[in-house]
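All remarks here apply to the structure that follows.
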Amino acid sequence: MLTIAYIGNGKSTNRYHLPFSLKKENIKVKTIYSPKDNLAWEKIAGIHYTTDITEVLTDSDIQLVVICTPSDQHYPLAKKVLEAGKNVLVEKPFSETSAEAKELFALAKEKGLFVQCYQNRRFDSDFLTVQKVIQSGKLGDILEVEMHYDYYRPEIPESIHEFSRINSYLYGHGCHTLDQVISFFGDPDDVHYDVRQLLGPNRMNDYFDLDLYYGTMKVSVKSSYFRLKERPSFVVYGKKGVFVKETKDRQEEDLKKFYMPTNADFGIDLPQHYGTLTYMDENGNYHEEKVVSEVGDYSRIYQGVYETLINGADKIVKDEETIRQIEILEEGINQMRS
């Protein structure tokens, strides 16, 4: 049994963590800390709620602390937890700078502790389906991958009148898609940056388009708050064909409706959500077919952490992957245009 505690009791903890940690029979959630009671979320029976962080840091039963706070608190709280002798899982973005990330990994190594970023979007159904299609070989050599993470939420950037690196759109959403790219394709040979403040200087970063190069292959990561009609979630071009996945993973959609992972059909794509694979086979025959989506499951991150801490398995998210991702986020903001 892995006994854990949370720092933070807002949307992140209650929507994107507890539904997945609580479904694991080998994980026990003992304590949730917040500086003040959050009445917006119903308390869960059997969990101790506290406004005293020392109850988390000094409890010998707690083996792992999960940090689910506003992004600017990730680094200082992770450092505080490590210094208290606790393993820690940190929501994304992991830190504001690669120097901070390296410091946390070095501190954990010095103390013989575990620290890792919570990259749950590695287990989105659309991303898992794209991996399955690429690995099938039906597309041949991959030439280009387009990844889109679009919204139409103009009220968010329009309400912000000062710039914050850690709260930028690139940091807040690029941390999802860039990790997917690095986890599957590895460290890119080169990166081209197009990061903008569409509303002008000193406003929120609200657009990014990054091209990551791997030899002759290009992976484009694109996102905007001003897309009334979303672009396809993934488009993969190979020498022999193309795969288009229009819709995103549905776990978040279900969670927003309080439809929980305890339901057998949670997050499952329906036939109308399946991607389309079009290719020429080795005999020159044309094929167009629907691809049944893989099942996404964010609890796989928790299972990975359990395997590392209890059974000594390698980390599911490697330190160098997190550091490289933050280096790309840093450079993207450094090259931002308004």
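Take every Cα pair under 8 Å whose residues are at least 6 apart in sequence, average their separation, divide by the length of the chain, and the relative contact order is 19 percent.
Placing +1 on the Cβ of every Lys and Arg and -1 on the Cβ of every Asp and Glu, with nothing else charged, gives region 161-290 a dipole about its Cα centre of roughly 420 debye. What is the Cα centroid distance between region 244-269 and region 290-337, reported in whole angstrom? Value for the Cα centre distance between the two parts: 20 Å. Taking every C-alpha pair closer than 8 Å and separated by at least 6 residues, the mean separation divided by the residue count of region 66-127 gives a relative contact order of 34 percent.
Relative to the Cα centre, what is the charge dipole magnitude of the chain, using +1 at the beta carbon of each Lys and Arg, -1 at the beta carbon of each Asp and Glu, and rounding to the nearest 20 debye? Don't skip to the answer; put the middle values down first.
Values: 41 positive and 53 negative charges, 118 e Å.
The calculation lands at about 560 debye.
The packing ranking, built from the mean of other Cβ atoms within 10 Å per residue, places the peptides 62-75, 186-199, 222-235, 278-291 in the order 62-75, 222-235, 186-199, 278-291, highest first. Taking amide H as placed 1.01 Å from N in the peptide plane, SER164 has its amide H under 5 Å from the amide H of ASN205, each at least 5 places away in sequence or on another chain.
Send over the per residue convex hull volume for region 108-162, Cα only, as a whole number of Å³. Working shown, then result.
Values: hull volume 12.4 nm³, N = 55.
That works out to 226 Å³ per residue.
Which log10 I(q)/I(0) values, to two decimals, does region 22-101 give at q = 0.24 Å⁻¹ under the Debye formula with one point per Cα? Log-scaled intensity ratios, in q order: -1.31.
Simple rule: put +1 on each Lys or Arg Cβ and -1 on each Asp or Glu Cβ in the chain, find the dipole, and look at VAL115, LEU64, PRO271; the Cα lying farthest toward the positive end is LEU64.
In straight Cα distance, which lysines are under 22 Å from LYS23, not counting same-chain residues fewer than 8 positions off? Filter leaves LYS11, LYS43, LYS92, LYS256, LYS257, LYS315. For Rg and Dmax of the Cα atoms in Å, the value calculated from this model appears in [x] 18.7, 53; [y] 20.5, 68; [z] 20.4, 62 under label [y]. In the chain, what percentage of the DSSP-assigned beta bridges are antiparallel, given to the nearest 5? Expressed as a percentage, antiparallel bridges in the chain total about 55. Charges were assigned to the Cβ only: +1 to each Lys and Arg, -1 to each Asp and Glu. The resulting dipole of region 60-186 about its Cα centre is roughly 520 debye. Which entries in LYS24/LYS222; LYS229/LYS318; LYS102/LYS138; LYS36/LYS79 show an alpha-carbon gap greater than 29 Å? Over 29 Å Cα-Cα: LYS24/LYS222; LYS229/LYS318; LYS102/LYS138.
Pick out, from ASN26, PHE234, THR308, the residue whose Cα sits farthest towards the positive end of the charge dipole of the chain, with +1 on the Cβ of Lys and Arg and -1 on the Cβ of Asp and Glu. Value computed over the given set: ASN26. For region 36-110, averaging the sequence separation of C-alpha pairs within contact (under 8 Å, six or more residues apart) and dividing by the residue count gives a relative contact order of 26 percent.
A protection proxy built from the mean count of other Cβ atoms within 10 Å ranks the segments 261-274, 124-137, most packed first, as 124-137, 261-274. Its DSSP H runs of at least 4 residues, each contributing -39,500 (n - 2.57), put the calculated 222 nm mean residue ellipticity of the chain at -8500 deg cm²/dmol, to the nearest 500. Across region 136-167, the residues whose backbone nitrogen lies under 13 Å from the label position 7 Å along the beta-carbon direction of GLU289 are 136-139. Peptides 8-21, 303-316, 169-182 ranked from most to least packed by the mean count of surrounding Cβ atoms within 10 Å: 169-182, 8-21, 303-316.
Every read-out reported here was derived from the displayed coordinates using simple, explicitly stated rules and does not represent laboratory data. Since the structure is predicted, the reported quantities are computational estimates derived from the model, not experimental observations. Positions of Cβ are generated from backbone atoms using ideal geometry, with glycine treated the same way; all protein chains shown enter the neighbour counts.
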